[in-house]
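Below: the structure, in structure tokens.
The values are calculated or read from the model by the stated rules, or taken from the named source; none is laboratory data. In this text, all values refer to a predicted model and were calculated from it rather than measured experimentally. Counting neighbours? That spans all protein chains shown, and the Cβs are built from the backbone with ideal geometry, glycine included.
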Amino acid sequence: MCAKPDALASPNKKWIYLFALSLIWGTSYILIKKGLQGFTPLQLGALRILVAGFFLFLIGYKSIKTISKTEWKWVALSGFLGSFFPMFLFAFAETEIDSSIAAILNSLVPLFTLILGLVVFGVHFTKNQFLGVVVGLLGASLLIFYGSEVNPNQNYWYAGHVILAAIGYACNANIIKSKLLHVSPMGIAVGNFATIIVPGGIVLLFSGFFDVEVRTGEFFWSSLGYIVLLCIVGTCVAKVMFNKLVQMSSAVFSVSVTYLIPIVGVFWGALDGEQFSMNQSLAAMLILGGVYLVNKKKTPGH
């Protein structure tokens, strides 16, 4: 009798994690935009690494014991591909493109997860999933094209930074699912930042953060507040939740969090006065349609 609630709780739990992560990460893009008011992309990325690393060590340093010697290389690779590089890439991207566009382009993660799963990890995909990759990439191309028309003053080549970050996230999901299933979600998160906190500190040291002009700037404290909020909720809490979600479901299901992220991202962008055309909406729907085909279940439990 006791087994039934547990059996029912697991599928429901992964959906709760999915929606919570959508809300948290969908809000992250506007927080990055606000953080850039007072800091450069290098400063913002480095600050995210140091602040998030500090809080993760504070609450979960004991979990490092769950990482074996042979697993550290995968934890380190996961840290650089899933945290270090994306933090800088998104910061640079949002110096030129709107936060809502960054949120939508991040929806490419499931497509890249599938492609990398095939190429690197030998995971096969169906014809529908291949079609989903084509449709999704077409949608991304149209989104960038229409965005450059709506905002001719923005450099949409910077959208490439988001695409690179999405590839990093996809690699990270496959690494966790294939190599780190026996490490606790907190252990992965803390281990990630244990490997990237020193490089992050070096970047901050040479970024000009300690110059008087930065510390006395108009947006210093407000931007710092946005970054701290982004780190605690959007990085520390969300990263542990995502690692847990990957372990309780599949790599492709876990990154389907990107279904809802664009909705939240566009909502915050609209409140902040960002322009978004009907053609961009159609392109976004193409991306999400591609993600749907990629994530379409072939058998129960996947």
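What residue, of Ile163, Ile104, Ile176, is assigned to a helix (DSSP H, G or I) and surrounded by fewer than 24 Cβ atoms within 10 Å (Cβ to Cβ)? Explain how you work it out, then say what you get.
Working: Ile104 fails: surrounded by fewer than 24 Cβ atoms within 10 Å (Cβ to Cβ); Ile176 fails: surrounded by fewer than 24 Cβ atoms within 10 Å (Cβ to Cβ).
None of the others qualify; the one that does is Ile163.
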As an exercise: evaluate Ala76 against (1) small (Gly, Ala, Ser); (2) over 28 Å from Ala140 (Cα atoms); (3) at pLDDT below 95 and give the number of the one condition it does not meet. (3)
Could you go through segment 1-17 and let me know if any residue there is closer than 30 Å to Asn155 by Cα, in a helix (DSSP H, G or I) and of a type in the set (A, V, I, L, M). no
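Listed residues Ile30, Ile67; which is touching an Asp or Glu at 6+ places or on another chain (Cβ under 9 Å) and either β-branched (Val, Ile, Thr) or closer than 15 Å to Ala238 by Cα (or both)?
On the way: Ile67 fails: touching an Asp or Glu at 6+ places or on another chain (Cβ under 9 Å).
Matching residue, one of Ile30, Ile67: Ile30.
Within segment 79-125, track down each residue that is on the phi > 0 side of the Ramachandran plot and at pLDDT 95 or above. Full working, then the answer.
The first filter runs over segment 79-125 and keeps only residues on the phi > 0 side of the Ramachandran plot, leaving 122.
Correct list: empty.
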For Phe85, state whether it is among the aromatic types (Phe, Trp, Tyr) and either more than 30 Å from Gln275 (Cβ to Cβ) or without any contact (Cβ under 8 Å) to a residue 60 or more places away in the chain (or both). no
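Any chance segment 213-236 includes a residue that's aromatic (Phe, Trp, Tyr) and modelled with pLDDT under 80? Talk me through it step by step, then tell me what you get.
Here is the first cut: in segment 213-236, the residues aromatic (Phe, Trp, Tyr) are 219-221, 226.
Narrowing the set further to residues that are modelled with pLDDT under 80 leaves none.
No: segment 213-236 contains no residue that is aromatic (Phe, Trp, Tyr) and modelled with pLDDT under 80.
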Residue pairs within 7 Å by beta carbon, gap of at least six or interchain, first lying in segment 208-222 and of a type in the set (Phe, Trp, Tyr), second surrounded by 12 or more Cβ atoms within 10 Å (Cβ to Cβ), listed first then second, are Phe209/Gln43; Phe219/Gln37; Phe219/Gly38; Phe220/Gly38; Phe220/Val214
Any residue in segment 265-276 that is modelled with pLDDT of 85 or more, within 14 Å of the chain's Cα centre (by Cα), in a helix (DSSP H, G or I) and crowded, with 19+ Cβ neighbours inside 10 Å? yes
Mind listing whichever residues of segment 22-58 are surrounded by fewer than 16 Cβ atoms within 10 Å (Cβ to Cβ) and either β-branched (Val, Ile, Thr) or not in a helix (DSSP H, G or I) (or both)? Gln37
In this structure, does Leu205 turn out to be surrounded by fewer than 17 Cβ atoms within 10 Å (Cβ to Cβ) and of a type outside the set (D, E, K, R)? yes
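Do we find a residue being surrounded by 23 or more Cβ atoms within 10 Å (Cβ to Cβ) and not hydroxyl-bearing (Ser, Thr, Tyr) anywhere in segment 64-81? Outline the logic, then answer.
Here is the first cut: in segment 64-81, the ones surrounded by 23 or more Cβ atoms within 10 Å (Cβ to Cβ) are 75, 78-79.
Filter once more, keeping what is not hydroxyl-bearing (Ser, Thr, Tyr): 75, 79.
Looking through segment 64-81, at least one residue is surrounded by 23 or more Cβ atoms within 10 Å (Cβ to Cβ) and not hydroxyl-bearing (Ser, Thr, Tyr).
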Residue pairs within 9 Å by beta carbon, gap of at least six or interchain, first lying in segment 127-144 and closer than 18 Å to Ala159 by Cβ, second outside any helix (DSSP H, G or I) and modelled with pLDDT of 85 or more, listed first then second, are Ile144/Ile97
